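Working notes for the structure below.
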Amino acid sequence: WFALFKHFFPKKGQVPSVKRQNFTSCKYYIDYVALLDFLPNQSAKIVYEELYKKFRDLAWLPYAHSDRMWCTSQGSSGNWHHIPGDATGGPQIAINGDVWNNHPITLRNAYAHLREEEEEDA
C-alpha cells in the first residue's frame with residue numbers, strides 16, 4: 001500500500017524518473033507539491049507522514065504505476081480478476097487488504113442498491 005502512496009504523494013523534492021500521465025494535471029497533486037515546496041523540510045516530512053496515516057484507511061485506489069494513475073492493461077498474474085470474466089483489460093483497482101480484512105467484496109449498481117433501501121423504508 002505504501003508503494004501506491006509514493007506514486008500518489010511523492011516526498012518533497014522527489015523528481016519522478018519517468019513522465020507521469022494524469023498525476024501532474026490533478027488538482028490535489030498540484031496543491032500537494034506546492035504545499036511541500038512552501039514548507040520547511042521538517043514540516044513537509046510531518047505532512048507526508050500524517051497523510052500516509054490517513055491514506056492507510058482507504059479501501060481501494062486506482063492501481064497506479066510510476067508512469068500513470070490508471071492502468072488499463074490486462075494483469076498477467078493470477079491475482080487479477082476481470083469483470084466481466086471475458087474482459088481483456090480495463091481499469092485496474094487495488095484493494096487494501098488491511099481495510100477489507102477478508103470481508104467479501106461486491107460490485108453492484110449503486111442506484112439499484114439505493115432503490116432497495118428506499119423500498120425497505122417505505
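Read the figures in this text as sums done on the coordinates, not as results from a lab. In this text the structure is predicted, and so the values were computed from the model without any measurement. Cβ atoms come from the backbone with ideal geometry, glycine included; neighbour counts cover every protein chain shown.
Stretching A3 away from Q42 to a fully extended chain increases their span by 11.9 nm, per 0.36 nm per residue minus the current alpha-carbon distance. Whole-Hz Karplus values for segment 55-69 come out as 4, 4, 7, 5, 7, 8, 8, x, 6, 6, 10, 5, 9, 7, 7 Hz, taken residue by residue from phi with 6.51 cos²θ - 1.76 cosθ + 1.60 and θ = phi - 60°; glycine and proline positions read x.
Multiplying the sequence separation of K54 and I95 by 0.36 nm and subtracting their Cα-Cα distance, what value in nm do you get?
Numbers: separation 41, 0.36 × 41 = 14.76 nm, distance 1.55 nm.
Here the segment from K54 to I95 would lengthen by 13.2 nm.
Taking a 20 Å limit on the Cα-Cα distance, which of the listed pairs K19/K53; K12/K53; K12/K54 fall beyond it? The answer is K19/K53. Among 45-56, 2-13, sorting by the average number of other beta carbon atoms lying within 10 angstrom of each residue, highest first, gives 2-13, 45-56. Rounded, prolate or oblate: which one fits segment 1-58, using the alpha carbon gyration tensor with axes a ≥ b ≥ c (rounded when a/c is under 1.5, else prolate when a/b beats b/c, else oblate)? Here segment 1-58 falls in the oblate category. Most tightly packed first, judged by the mean number of other beta-carbon atoms within 10 Å of their residues, the peptides 21-33, 57-69 read 57-69, 21-33.
On a full-extension model of 0.36 nm per residue, what is the gain between Q14 and L35, subtracting their alpha-carbon distance, rounded to one decimal in nm? Provide the component values of the computation, followed by the final result.
Working: separation 21, 0.36 × 21 = 7.56 nm, distance 1.37 nm.
6.2 nm is the gain from fully extending Q14 to L35.
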